[in-house]
Every structure is written in structure tokens, then in C-alpha cells.
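Enquirer: This structure is in C-alpha cells; I'll ask about it shortly.
The values are calculated or read from the model by the stated rules, or taken from the named source; none is laboratory data. Worth saying up front: this structure is predicted, and the values here are computed from it rather than measured. Virtual Cβ from ideal backbone geometry, glycine too; neighbours counted across all protein chains shown. Just the protein is used for accessible areas: all its heavy atoms, side chains included, with ligands, DNA and RNA removed. Shrake-Rupley method; radii C 1.70, N 1.55, O 1.52, S 1.80 Å.
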Amino acid sequence: MKNDFLVAITQISSERHLSKEVVLEAIEQALVLAYKRNFGAAEDVIVRIDPNTGKARVFAEKKVVEVAQDRRTEIELSEARQGDPAAEIGGIVRIEMTPKDFGRIAVQTAKQVIQQRIREAERDTLYADWSDRLGELVLGTVRNTDTMGNVILSLGRAEAVMPKSEQIPTENYSRGQKLRTYIYEVEKTSRGPRIRISRTHRKLLRRLLESEIPEIFNGTVEIKTLAREPGSRSKVAVAATQPGVDPVGSCVGMRGVRIQSIVNELNGEKIDVVMWSQDEKELVANALSPARVEHVWLDEQSKTATVVVPDNQLSLAIGKEGQNARLAAKLTNWRIDIKSLSESAGETEQRAALEALAAARQAELAAKREAALALLAEAERALAEEEVPVAAAAQQEPAVAEEAVPEPMPEGAEEVARPASEAEIIPESETEIVPSVQDVEVATAPAGTESVEAAVVPGEEVAPAWVPVEGDDDEEFDEEERKRKRKQKKAQRRFRYEYDEKSDTVLRRTTHKKGGNNWGLDDIA
């Protein structure tokens, strides 16, 4: 029994690539299900298998109580201490409940369960193994092609699927063909890991270079960037991390042996290995290899590189259907505009003329700026010269001007008449006309009355002239004055002024007949 059991465990472990502990755990779980199916499922059962003898023992976990009401889950303290002297009330003890012929019954009942548990453990192990290999190369054998065009590859214990979108268009796959592919996805499913592989992934070329070229594998040569069009052409920019190492020569190998093996693996896909450079111009020129480049101009704003090549190199620089220029643009991340020497000659002259015109405009602006500065300096100098005499004259004049006092005229001297031009002219507004008595009387007469000449005879009484009655005009004036005062009193009654401490202003308060208040602000304070 012992030898047969150990041999069976060892054989299962080797066939399924599982450890003995995983197989024993699966068998124990299957035996627990078999016991519950045959002897009841109410008890909490644990199965333990002795790895040396292969004997299975069943234990039931029960709670220690004073009085057991349910014998399937509870046990009294006296019974519990027979098996475990340290048992206490409220604790859990394990009681062995292995039935007779449990091994034969368990094997018959748990056969399928054991197989299922082992298959689940095998799927988990496979997923763990292949998930660790994500991003690596794998060698597989073509098994078949499904109706959707997906190619199924056998990877030993697992299978991989290569979708049609990940296949190189120029390749034809046949049954039994060996392929090196790139693992880009591993998914866990109920049927095991689902592995997806690719032949068009750009990292496939990187992994092939690392596997075929030792300098890249150990880090002496570094792959900076690469661009690929699967099945047609690829470009790889490399740089050396140690001085004295030729990165391009290391990748190509003696007579191209190293790079040729990768080309054969990719079924004739051409590979251009170029030198990486920190200088953007040199990198663009190298990326257009094998074409020879004469000049490179870079426009940083539009991220455009203008490349000039000889006339006989134009088609080579562009490539078939623009492939070489397209791959160079992907490799350098620059938009590349390729022109021939003859085509760029006219543009060069035009560019030179534009540059000369721009330089002339700059010189003209500089000259105008200098002339303006000179004119401004001259004006400031002239203004300073004018201010000097004015300041000097102001210092010479007396601070306070004294008024001229005329000299007294000597006695007996006659006043000399001044001419009319020198006489003082008194404005009419300042002249005062003194009326005569008759004028006053006539002026005081009301309009529309006739003037009467009174002959003054001594000793004769004269009838008095018309004298206006006092109070006729005063009554009209008083009436208007009373109206104006009444309006002022009403206005004073409508408004009251109060001082507001918060705003530090005088508020005008309007009082209405209905008792409402309206506050207005008058900035009196």
C-alpha cells in the first residue's frame, strides 16, 4: 500500500508538472467531499493523509460544552478530555471518526473529484508559468488554422493563438512548421491560460536581435529605437555604451552573418542598421540610409526636416512607395521633406534673397532707430541750452518790483495838457452820470404821462407833480416772497438730517404723509 501510493503520487506529480504537496491537498479535499456525501454533511470534517503510509484519517471538529445537545457538532467536557486532556469549555477539539473501509469507499466516490482538482491545479500552474514569460520569444509548431484564419500553435503543454491581424501578410503557414513568435498577452480562463502570440509586433525584432547578437544581449550595444513594416523592411538605430565598439558592425557581423540569420527568420524582411546620434541633423541623414544626404535643415516649430540629396539618389531616398522616407520619419519622429539638388537650387536662391531682404529690413530699422535716438538727444541738448539763459536772467531781476511814485509838482507850475492819445480812458461802466433836478423828476414819472414844465415864480405855490403811491409794487413783491418762504418751509418739513456714525456721513430722511421713511445720503459731513 505504501509503495503503491507513493508511486502513484510521484507519477501524477511528474506527468502534471505539479508538486507532491499540491497533489496530496487535492486528494484530501476530494476525500472530504466523499465522506460528506456518504456519511452526512452536517459535521465539520477534515481529512489528513499520511505521506509515508498513505493512510487516510478523518477528524471532526466539535465544540466543548457542559451538556451536548447536538452530538454532531458538540461534545461534553468529560468526553473531550479523553482525547485531549487540555480541553476546556468553549474550545474546539478534533475527534477521529474514520469509518471502516473508508479508503475503498472514498476512492470509488472521489475518483472524479480528484481528477478535477488535479486539472484545476494544473491550469493554475500553467497560467503562473506563462504569465512570467510575457514579452518573450517562444518557439512553437503550427498545428492547424481555424475558420477565422487564426493560426493555432502548440507550445508543448499549452496552446497559443496567433490572430490574423498579427500575421505577416507575405507569409503562408503550413502544418508542422516551426515559428518563433512574441508573446504579447496571457489570459486566465476556465480551460487554462489563453496565450496570444504575434509575428508583426515591433518588439519581436528587438528580441531576435538580443538572441542573435551577444553585444546587444550583454549591453555593450544598445538599441535606441526601431521602426518596422512587417514582412517588408525595418530600420534599427543602435549606439555603443563602451568606447571603441562599432555598434553597426557588431549587429551586421562578419559578411552580414548575424543580420542574415534574422532576415531568414523573418522570411526575407530587409533590416537597415544605422548609427544613433544626439545631433538631430546627423540622425535624420543616417536614417535615410542607404541614400546619401547633402544638406539637412530642421524647423523646430513644425517639426519638419528638409533633406537635400543628389539627383541620382532621390528615388533611393524616397524608397518604393515612400517606404524608406516613411520608416526614417518613424525612426526619428520628424516629418521629412526630401528634395533633389536641382530642385532645391531655386529654393536656395529664393531663401537667400528672403534672408537678404530680411537683413536689409533689420538694418533699415536699426538705422531709423539710431536716427531717432540722435534726434532725441539733439532736442534734449537744445532744451538744456535754452534753460540756462532763462535761469541766469531770473537771478539778475530783483525779487520784489517797487511801484513808481510820481514826484510832487512845484508851486506855480502849470499842468501840461496831455494829448488825447495819452489821456486816461475811463470805461463807461465806471463813469457816473449825475442827473439834474428836472431829469430826476421826469425820470420818476410813470410811463405814459406827459411831462409838465413848472415855472417857479417866487411867492407862488406850485401844485405838486404826480407821486407814485407807496405800497403798490411792495404788495406784489411781498406775495412772491411769502410763496417762496412757504415752499422752503415745506421742503424743510419733508426732510430731516441725521448723523450716521457707521458711515461717518449725514443722512437726509424724507418723511411721507403715510408715515413711510426713505433714507437718502447727502455728503454734508
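Enquirer: Cβ contacts < 9 Å: first residue more than 20 Å from Cys251 (Cα to Cα), restricted to region 276-297; second residue among the acidic types (Asp, Glu) and surrounded by 14 or more Cβ atoms within 10 Å (Cβ to Cβ), any location; separation 6+ or different chain. Result?
Expert: Val296/Glu280; Val296/Glu282
Enquirer: Any residue in region 103-118 that is free of Cβ contacts under 8 Å to residues at least 40 places away in the same chain, over 29 Å from Leu18 (Cα atoms) and surrounded by 13 or more Cβ atoms within 10 Å (Cβ to Cβ)?
Expert: no
Enquirer: Follow-up. Quick check on Val257: is it exposed (fewer than 14 other Cβ atoms within 10 Å of the Cβ) and within 18 Å of Leu205 (Cα to Cα)?
Expert: yes
Enquirer: Further question: Are any residues in region 131-154 free of Cβ contacts under 8 Å to residues at least 60 places away in the same chain and acidic (Asp, Glu), and if so, which ones?
Expert: Scanning region 131-154 gives Asp132, Asp146.
Enquirer: Do we have any residue at all in region 219-231 that's touching a Ser or Thr at 6+ places or on another chain (Cβ under 9 Å), open to solvent by 20 Å² or more (accessible area, probe 1.4 Å) and among the acidic types (Asp, Glu)?
Expert: Yes, region 219-231 contains a residue that is touching a Ser or Thr at 6+ places or on another chain (Cβ under 9 Å), open to solvent by 20 Å² or more (accessible area, probe 1.4 Å) and among the acidic types (Asp, Glu).
Enquirer: Looking at (1) farther than 17 Å from Gly249 by Cα; (2) assigned to a strand (DSSP E or B); (3) touching a residue at least 40 places away in the same chain (Cβ under 8 Å), which is the only condition Lys224 fails?
Expert: Lys224 satisfies all of (1) farther than 17 Å from Gly249 by Cα; (2) assigned to a strand (DSSP E or B); (3) touching a residue at least 40 places away in the same chain (Cβ under 8 Å) except (1).
Enquirer: Let me ask you something else. If we only count strands (runs of 3 or more DSSP E) wholly inside region 283-359, which ones have 2 or more residues that are open to solvent by less than 30 Å² (accessible area, probe 1.4 Å)?
Expert: 304-309, 335-340
Enquirer: Under the condition of being touching a residue at least 24 places away in the same chain (Cβ under 8 Å) and surrounded by fewer than 13 Cβ atoms within 10 Å (Cβ to Cβ), which residue from region 166-184 is nearest to Glu210 (Cα to Cα)?
Expert: Lys178
Enquirer: Oh, and also: Which numbered condition trips up Met275, out of (1) more than 24 Å from Val307 (Cβ to Cβ); (2) open to solvent by 70 Å² or more (accessible area, probe 1.4 Å)?
Expert: (1)
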